[in-house]
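Novice: What follows is a structure written as structure tokens; I'll ask about it next.
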Amino acid sequence: MPMNITFELSDKDLKYFKRIMNEVREKSAGIEEAQLINGVRALIEEIRGASAAGFVVQRLEKLERMVKMLEDKEWDMEGKDRSRVADGLVYFAEGEDLIPDRIPGLGYLDDAIMIELVVQDLKHEIEAYDDFCKYRLSKEKLLGRKDAMASREKWLSARRGQLHSRMRRRRRRDRGSRGGRSRSPVQLF
């Protein structure tokens, strides 16, 4: 029989996770993006192969989506936007964890928590990317594969520009509310 367990992270807990993320970022400064992605993919495979708890495995899709954002050439994320996503992945490419992965049942708990925190902080980027992927797929189906390819860059570029702008506007709105404090309870970056 499944059981639902909910817990709340206090402001102190969130500060702790933010400090850990900053420490990992400092240690990983200068890491090549390809190396970062490979490290994240290795963790994903490790978790799948370790018969990890279901609540951890459920979060892997979110982690994979962030990797796809960086790899998707048509999404064409650049500059600070790209750095935010890469910064969010650094913790998962690092070999050292808060809770050692080898501890049965709990070893990936810190990874699951950190995935949720990063997803919350990157919610606008993830929403925009998901909308882009849905748009791309629906446009290909609507136009047919051959016709879609003929003008693909033009219609993708227009939609990508709209979604990148929306993503930045929403991020600024969240940061600008309440005298410069973020509405988000999590602000890892």
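The values are calculated or read from the model by the stated rules, or taken from the named source; none is laboratory data. Owing to the predicted nature of the structure, the values given are computational and were not obtained by experimental measurement. All Cβ positions, glycine included, derive from the backbone under ideal geometry; neighbour counts span all protein chains shown.
Novice: Out of curiosity, is E140 part of a helix (DSSP H, G or I), surrounded by 14 or more Cβ atoms within 10 Å (Cβ to Cβ) and at pLDDT 90 or above?
Specialist: Criteria not met by E140.
Novice: Among the numbered criteria (1) assigned to a helix (DSSP H, G or I); (2) out of contact with any Leu (no Cβ under 6 Å at 6 or more places or on another chain), which single criterion is violated by F92?
Specialist: (2)
Novice: What residue, among those in region 45-76 that are in contact (Cβ under 8 Å) with a residue 60 or more places away in the chain and of a type outside the set (D, E, K, R), is farthest from P2 (Cα to Cα)?
Specialist: W75
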